[in-house]
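Each remark here refers to the structure printed beneath this line.
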Amino acid sequence: MLKSKVSSARFLVPLLVSVLAMPGFLSAKTISPDFVELAKKLNPTVVNIRTAKNIKPKQRQQHRQQNPFGNNLFDDFFNRFFDEMPQQRPRREQNLGTGFIISPDGYILTNNHVVNGADEVMVKLSDGREVKGEIKGVDEKVDLALIKISDKEKLPFAELGDSDALEVGEWVMAIGNPFGLSHTVTAGIVSAKGRVIGSGPYDDYIQTDASINPGNSGGPLFSAQGKVIGINTAIIAGGGGGIGFAIPISMAKTVVSQLRDSGKVTRGYLGVRFQPLTPDLAKTFGLDSDKGALIAAVEKDTPAERAGLKAGDVILEFDGKPIIEGNELPRLVAATPVDKQVKLVIFRDGKKLDVPLVVGKLKDGGTGSPSGSSNESDKIGITVEELKKEMADRLGIRDSKGLVITEVKPGSPAEDAGVSPGSIVIEINGQRPETLAAFSAITAKLKKGDVVRLLLRRPDGSAYYVAVKVEQLP
């Protein structure tokens, strides 16, 4: 019996070895790296960032305005009462985060939300020294900031990798300052790529199960080869665990180079408003899949109009890159150099067409939305457009005029309230905004904390009310 078991083992061991040696079963990307050596090598490139923001006290209102009786009898009493109240004092608000050195001359990359509004930035190096940092530039849309420190000697720096080549299942390691605990190392794998979490117009996050917590923001996510492939930015916590999200380093590279050169970022621009291409919509256009970006509107005097793009065109490829999900298009356009000629592959009237286009420059503060044909309300998280008959027919909406909601931002107050794209805006707090100008005038008066009553009409004609709490989205 013992001899039989030994024989079986002799047979199984070579079989197991041969299976593991099969192409693609094990590779350098899937074998667990030596995290001890990686941590020793990379820890010196990571820094802790401490910011301070001076908060001024609110100015006290004039005392006479506080008198509810409107006469002089009680003025002395109210003046004495308010004068004796303790005065508010200026205070300093502090924040902690992480960053990493990307060049020997002291450039540091971190998140914009780590340093946003800071009056003072202090950088603590791995050897314990603390030096003052200068903010060279920020990009709010991608949540990145570039800091510069000066040092007599060359600083250790992290090498930037290629996040485009990253694959789901690869080992990754994060180093950061979670909960103020400096230089903490955690490891995990890449759980997903291309995640959209509703944080901005260019969402494209790497998802990882490597432990990331408050204070890790702005820290590096390293590959098994010791190169930075992401910037840890956001977390979704709950159920005793958490999911971390990192900005792909390939996206950050173009931003960093512009921040270093000019302190600001210039992005490409088409001048189109697109919407998700659903399977049902794809069928109505004669497409056999829902891959691509459906153009809902084209702004006048823009690169899109000059190239001959029209509402109803479906963009299948941009500059040689296929559009799988519609939300990929803004990222690709934004990362394209201004004035570069690119080729678009579109689907129109049952045919594929090649369309040459010269990419324009996105105006400061813009997101690629065509002004005059649409309006974004970040306060409640919706985008509306003036409804045209052609769009109404395609969307199956009975109305042929008015304002239609073309986008509801994920995680926004509007989504929480149950607002759905394709709904017609009938009223806002009892007022009927029949034009984009009227819509903008009403929403401009809304303040954080207000509750807005919307009367909407679904594509099938049924009306419904929703109450949406106003807040400024990131």
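The values are calculated or read from the model by the stated rules, or taken from the named source; none is laboratory data. The structure displayed is predicted, hence computed values, not measured ones. No Cβ is skipped: glycine too gets one built from the backbone with ideal geometry, and neighbour counts run over all protein chains shown.
A few remarks follow.
- Answer residue from segment 339-366, given it is surrounded by 14 or more Cβ atoms within 10 Å (Cβ to Cβ) and part of a loop (DSSP other than H, G, I, E, B) and is modelled with the lowest pLDDT among those: G366
- Residue count for segment 322-365, restricted to those that are under 22 Å from the mean Cα position of the chain (by Cα) and within 25 Å of T284 (Cβ to Cβ): 9.
- Test: residue in segment 268-282 that is charged (D, E, K, R) and at pLDDT 85 or above: no
- For segment 149-175, a residue qualifies if it is under 21 Å from K253 (Cα atoms) and over 24 Å from the mean Cα position of the chain (by Cα), and the qualifying residues are I149, L155, P156, F157.
- Selection from segment 163-203 of residues that are in contact (Cβ under 8 Å) with a residue 40 or more places away in the chain, assigned to a helix (DSSP H, G or I) and farther than 26 Å from L96 by Cβ: D164
- Every residue from segment 401-416 that is under 26 Å from the mean Cα position of the chain (by Cα) and crowded, with 17+ Cβ neighbours inside 10 Å: V404, I405, T406, E407, V408, K409, S412, P413, A414, E415
- Near pairs, Cβ below 8 angstrom, 6+ apart or cross-chain, from segment 459-471 (in contact (Cβ under 8 Å) with a residue 60 or more places away in the chain and within 17 Å of G402 (Cβ to Cβ)) to any residue that is of a type in the set (D, E, K, R) and surrounded by 15 or more Cβ atoms within 10 Å (Cβ to Cβ): none
- Residues of segment 432-458 that are closer than 13 Å to L403 by Cα and either not assigned by TED's automatic domain parsing to the domain that holds A417 or not small (G, A, S) (or both): R432, P433, E434, T435, L436, F439, L454, L455, L456, R457, R458.
Listed here are the residues, each with its yes/no results for (1) surrounded by 20 or more Cβ atoms within 10 Å (Cβ to Cβ); (2) of a type in the set (D, E); (3) modelled with pLDDT under 80.
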position	(1), (2), (3)
S373	no, no, yes
E386	no, yes, yes
D399	no, yes, yes
A441	no, no, yes
V451	no, no, no
V466	no, no, no
P474	no, no, yes
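- Screening N71 against (1) at pLDDT 90 or above; (2) out of contact with any Pro (no Cβ under 8 Å at 6 or more places or on another chain) leaves a single unmet condition, (1).
- Test: residue in segment 215-228 that is surrounded by fewer than 20 Cβ atoms within 10 Å (Cβ to Cβ) and modelled with pLDDT under 90: no
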